[in-house]
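These notes are about the structure you will find just below.
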Amino acid sequence: MFDACVVGSGPGGVFAAYGLRGRRVLMLDAGVQPPAQPALDGNLYDVRRSGPDLDRELIGDDLRGLEHIFTPPASLKLKSPGTAYILDGAERLTPVVSETFRAAISLAQGGLANAWGAGVYRFTDTDLRGFPVTAAELAPFYDEVGQHIGISGAGDDDLRADFGDEPQLQAPVRLSRNVARIHAKYQARRARFQAAGVRLGHARLAVLTAPHKGRAAYAYRNLEFFQAHDPAIYNPAFTLREMIAAHEITYEPGWIVTRYEETESGVRVHALALDGQRSQVFEARKLLLAAGAINSARIVLASSHDFATRLPLSDNPIAVFPLIDPRAIGLPLGTHDAAVAQLNVIVEEAGRTLQGSIYGSTGALRSDLIANFPLPLRSGVAFARVCAPALTLLMLFYPETSRDTNYLQLRPDGALRAAYQWTPDTAMERRLCGLWRQLGVVCLPQLIQHPAPGGGIHYAGTLPMAAWPGRYMTYPDGRLHGTRHVYSCDGAVFPALPAKNLTYTIMALALRTATRLRGALR
Amino acid sequence: MIHRALFPRRPMPHGVAAGYEAARAKFFFDDVHARLVAFLAEHGLDAEAVEYALRLRHGPNGLTRRFQVMLTLCEVRSAYDGAFVQRERAAGRAWAGAPWMALRAAWKLARGMYLMRTHRLDSILHV
C-alpha cells in the first residue's frame, strides 16, 4: 500500500507530490503526451519568411490545425497540431455536457498548465476573503513554489501591493514598442489612473528571463501558440519528470480515476485505462484529488453515487479589449516581441477587483482573426497586415463567486452536466475604454469580445474549503468533509475566485496540504 | 475560385490546392454551402462579395469557413509571408489606403447583396 495516491499531474497534483517526497507516493494520471511532430526551431516569423513551408508544423498532416474553424476551441493556444493534444481524450473519457458552458478539460501530463498564461500572483488577504486561510499562512508555500518554478516581473512598481513580494524575482519580460508606449503614458498619468482605481505594471510570470535550474531563458520565438513545453515557461510536467527521474514518486500514466472508497486503513482507488478496456484498484493510506476542479468533482460525486446534488462551479469571465495605437499602423511588425503577457492591470470598481493582462499581437495566425473584421476578406488580409503592428490586447478577468445558476451535476451515464450564466458589465467596460484612450490607444466598446463561459479556463469552487465545512466541502487542511483520508488539492477548494490567475495559489495550497500530511504519514 | 478571390495575381501553389482538397473532403464535402460554391464557380460570380454580404447578414457561414481554410493554408507558406506580415515601414501607404478600403467594402457589400438577390442565392442556402 502506498502512503499517498495523487490523482492528476497538473499544478495541484505535482505540488502535492512534491510536498510528499520521501513518502511512498503514487501518482495516477491520464498522462497524455505531446504528439511526435516536427519541432520548430527558431523564431516563428524568421522561419516562416525564409524557411520551408510550415503546413506540417502549424496545420499538421491530419489537418488538426484547421479544426478550430469548424469547432472553435476554448483558446487559440489549443488549436495547433502541437497543442491540441492538451484536450485529447477528454470529451470521450470525461465528458461535460452543457449549452451554456464550454469546458476545457485536459488529460495531458501537466494538465491545462500546458497552455496557461503563466501569470503568478500571490493572493492577498483581500483576495482570500472567504478562504479559511490567510496570506501569511500561505507565504512560505508561495516562497517555496516561486523559488522552484522561477518568476519574472518587477518587484517595485505599482502592482507590488497587489501581487506580493517575491524573494527571488528575475527581470520582467521585455516590452514591445506599443506596450512600452502604453506603460510610459501610464507613468505620466499615474495619479489620474490611480484616482480612477486603475493600476498598471509589469507582468508577474512563471517565465524565465534568465536561466534557472537548468532551464533556458525566454527566447521571444513566438511559438507559444504552436508548441507546448517551452523550457522558459514553467510547466508542472517539468517537476514531475524530475521527481520520476529521482525515483521520488511512482508514476502510473494511462489511468482515469473513476471513484474511490474508504476503508479502515486508507482508500481504494478505482481507475479505468484510457482504452476503456481495463480497470484496476490501487490502495493508499491517503488520497489527494488533483484532477482539476471539474474532474475532482466528478470523482467525488461518482464515489457517492450522487446524481442529484448540484456542486457550485466558478470560472473567471473575460472581456478582451483590442487597443490600437494609430501611430504604429503600417510599421513593421515586432517579430521578436513577447507573445506572453507584458503588463498587468488592476481595476478596482464598485467594491470588486478585476485584473487584466496586456499582450502584443504576435504569435497567433492572422487567418484566425480576419473573418472578425467587418471587411471583405481580401481587404481583411491587408487590414490585418498593416494594423497588427498597432494592436495590443487587454484580456480583463472578472472575479467570480458561487451562484446558484452555475453548477455541475453528475449524470448516471458518467457525464457531468454544467450550467453557467454571466452577463458582462458593459457600463464599466465603456468607462474603461475611455481610460485606455488616455494611454494613447483607440479602444472601441463595440470591439470588446466576451468569450463564452468556460473560456477563462480558471475552473474552481466545486468542493470549497471552509472553517466549518458541510457536505461536498473541504476543511482548511484540504480534507473532504465526511471522509478521513481524502483531500482536495486543486482549484476545487476555492470558496471564491478572485480575478487573479489561480494557478500559483493552487500550487501553494497543494504544497501546504501535502506538507501537513507528510508529517502525519511517518 | 476562393484563392483567386483572395490573391488574384498569384497562381495557387500545388500544396495549397492539395491541402484545400483534403480539407474539403474532411470538413465540408457535403454541407449546404457546397451547392452555393458550385453555383458561384459555375457562373463566375464574385465569391468574396457574396461571402461578405452573407457574413454581415447572418454571421460567419460555410462560405466564410472555406475562405478561412484557404487563408490558413496560405499563411503558413513562406511565399505568402508578405501578404500577412508587415515587414517594411509603410505607414503613409496604410493610411492612404484606408479610404480605398472603406470604399471597397461598400462596393463589395452592394455587389454581394445584388448577386444574392438577382441569383436568388438565399434559396440555394434555404436561409
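Inspect segment A:187-202 for any residue being closer than 27 Å to A:Y18 by Cα and under 20 Å from the mean Cα position of the chain (by Cα) and give the result as yes or no.
So far as segment A:187-202 goes, no, none of its residues is closer than 27 Å to A:Y18 by Cα and under 20 Å from the mean Cα position of the chain (by Cα).
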Note to self: For the condition farther than 12 Å from A:V7 by Cα and modelled with pLDDT of 95 or more, what is the one hit in A:E252, A:E261?
What the structure shows: A:E261
Note to self: Here is a check on your reading of the model: is A:A103 closer than 19 Å to A:G454 by Cα, small (G, A, S), more than 14 Å from chain B (Cβ to nearest Cβ) and not in a helix (DSSP H, G or I)?
What the structure shows: yes
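Can you tell me which residues in segment B:69-79 are surrounded by fewer than 22 Cβ atoms within 10 Å (Cβ to Cβ), part of a helix (DSSP H, G or I) and either at pLDDT 95 or above or within 7 Å of chain A (Cβ to nearest Cβ) (or both)?
Looking only at segment B:69-79, we keep the residues that are surrounded by fewer than 22 Cβ atoms within 10 Å (Cβ to Cβ), and these are B:77-79.
Now narrow it down to the ones that are part of a helix (DSSP H, G or I): B:78-79.
Of everything in segment B:69-79, just one residue is surrounded by fewer than 22 Cβ atoms within 10 Å (Cβ to Cβ), part of a helix (DSSP H, G or I) and either at pLDDT 95 or above or within 7 Å of chain A (Cβ to nearest Cβ) (or both), namely B:S78.
When you scan segment A:106-137, how many residues do you find that are in a helix (DSSP H, G or I) and surrounded by fewer than 23 Cβ atoms within 10 Å (Cβ to Cβ)?
Here is the first cut: in segment A:106-137, the ones in a helix (DSSP H, G or I) are A:111-115, A:135-137.
With surrounded by fewer than 23 Cβ atoms within 10 Å (Cβ to Cβ) added as a condition, the list becomes A:135-137.
Counting residues in segment A:106-137 that are in a helix (DSSP H, G or I) and surrounded by fewer than 23 Cβ atoms within 10 Å (Cβ to Cβ) gives 3.
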Check: Can you pull out the residues in segment A:431-461 that are at positive phi and not small (G, A, S)?
Finding: A:I457
Note to self: Could you check segment A:436-469 and list, in sequence order, the residues that are surrounded by fewer than 17 Cβ atoms within 10 Å (Cβ to Cβ) and not in a loop (DSSP other than H, G, I, E, B)?
What the structure shows: A:R437, A:V442, A:P445, A:Q446, A:L447, A:Q449
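Within segment A:416-430, work out how many residues are in a helix (DSSP H, G or I), surrounded by fewer than 16 Cβ atoms within 10 Å (Cβ to Cβ) and in contact (Cβ under 8 Å) with a residue 12 or more places away in the chain. Lay out the reasoning, then the answer.
Within segment A:416-430, the first condition is being in a helix (DSSP H, G or I), and the residues that meet it are A:426-430.
This time we only want the ones that are surrounded by fewer than 16 Cβ atoms within 10 Å (Cβ to Cβ), so: A:426-427, A:430.
Remaining after also requiring in contact (Cβ under 8 Å) with a residue 12 or more places away in the chain: A:426, A:430.
Residues flagged as in a helix (DSSP H, G or I), surrounded by fewer than 16 Cβ atoms within 10 Å (Cβ to Cβ) and in contact (Cβ under 8 Å) with a residue 12 or more places away in the chain within segment A:416-430 amount to 2.
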Check: Tally time: how many residues in segment A:357-393 are surrounded by fewer than 24 Cβ atoms within 10 Å (Cβ to Cβ), farther than 20 Å from B:A98 by Cβ and touching a strand residue (DSSP E or B) at 6+ places or on another chain (Cβ under 8 Å)?
Finding: 2
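With respect to A:L439, is the statement that it is more than 30 Å from B:P99 (Cα to Cα), away from chain B (no Cβ under 14 Å) and hydrophobic (A, V, I, L, M, F, W, C) true?
So A:L439 fails the test.
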Next item on the list: For segment A:351-377, name all the residues that are without any contact (Cβ under 8 Å) to a residue 40 or more places away in the chain and more than 9 Å from chain B (Cβ to nearest Cβ).
Entry: A:G351, A:Y359, A:S361, A:L369, A:F373
Next item on the list: Those residues that are more than 22 Å from the chain's Cα centre (by Cα) and not basic (K, R), I need them from segment A:403-422; list them, please.
Entry: A:D404, A:T405, A:Q409, A:L410, A:P412, A:D413, A:G414, A:A415
Margin query: Please go through segment B:51-65 and give me each residue that is within 9 Å of chain A (Cβ to nearest Cβ) and touching a residue at least 12 places away in the same chain (Cβ under 8 Å), ordered by number.
Written below: B:E51, B:Y52, B:L56, B:T64, B:R65
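Taking the options B:A91, B:A96, B:A83, name whichever one is free of Cβ contacts under 8 Å to residues at least 24 places away in the same chain and at the interface with chain A (Cβ under 7 Å from one of its Cβ atoms).
Working: B:A96 fails: at the interface with chain A (Cβ under 7 Å from one of its Cβ atoms); B:A83 fails: free of Cβ contacts under 8 Å to residues at least 24 places away in the same chain.
Every option except B:A91 fails the conditions.
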Check: Applying the selection to segment A:328-350, what residues are away from chain B (no Cβ under 14 Å) and not in a loop (DSSP other than H, G, I, E, B)?
Finding: A:L343, A:N344, A:V345, A:I346, A:V347, A:E348, A:E349
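Condition check: touching a helix residue (DSSP H, G or I) at 6+ places or on another chain (Cβ under 9 Å), among the basic types (K, R) and surrounded by 13 or more Cβ atoms within 10 Å (Cβ to Cβ). Does B:R57 satisfy that? So that I can check it myself, show each step before the final result.
On the way: touching a helix residue (DSSP H, G or I) at 6+ places or on another chain (Cβ under 9 Å): yes; among the basic types (K, R): yes; surrounded by 13 or more Cβ atoms within 10 Å (Cβ to Cβ): yes.
Spelling it out, B:R57 is indeed touching a helix residue (DSSP H, G or I) at 6+ places or on another chain (Cβ under 9 Å), among the basic types (K, R) and surrounded by 13 or more Cβ atoms within 10 Å (Cβ to Cβ).
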Item checked: Subset tally (residues that are over 19 Å from A:H485 (Cβ atoms) and part of a helix (DSSP H, G or I)) for segment A:299-327 -> 2
Checklist line | Subset of segment B:46-65 (residues that are closer than 20 Å to B:A105 by Cβ and in contact with a His (Cβ under 7 Å, 6 or more places away or on another chain)) | finding: B:N61, B:L63
Notebook entry, point to check: Could we say that B:M116 is more than 7 Å from every other protein chain (Cβ to nearest Cβ) and at pLDDT 95 or above here?
Noted result: no
Next item on the list: For segment A:399-419, name all the residues that are over 16 Å from A:P453 (Cβ atoms) and either aromatic (F, W, Y) or touching a helix residue (DSSP H, G or I) at 6+ places or on another chain (Cβ under 6 Å) (or both).
Entry: A:L410
Next item on the list: Name the single residue, out of those in segment A:470-492 being surrounded by fewer than 19 Cβ atoms within 10 Å (Cβ to Cβ) and among the charged types (D, E, K, R), that is farthest from A:G456 (Cα to Cα).
Entry: A:R484
Item checked: Filtered residue count, segment A:168-198, keeping only those that are within 23 Å of A:E429 (Cα to Cα) and in contact with a helix residue (DSSP H, G or I) (Cβ under 7 Å, 6 or more places away or on another chain) -> 5
Next item on the list: Please work out which one of (1) surrounded by fewer than 14 Cβ atoms within 10 Å (Cβ to Cβ); (2) under 15 Å from the mean Cα position of the chain (by Cα); (3) within 27 Å of A:L223 (Cβ to Cβ); (4) not aromatic (F, W, Y) is the condition B:G82 fails and give its number.
Entry: (2)
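The values are calculated or read from the model by the stated rules, or taken from the named source; none is laboratory data. Quantities reported herein were computed from a predicted structural model and do not represent experimental measurements. No Cβ is skipped: glycine too gets one built from the backbone with ideal geometry, and neighbour counts run over all protein chains shown.
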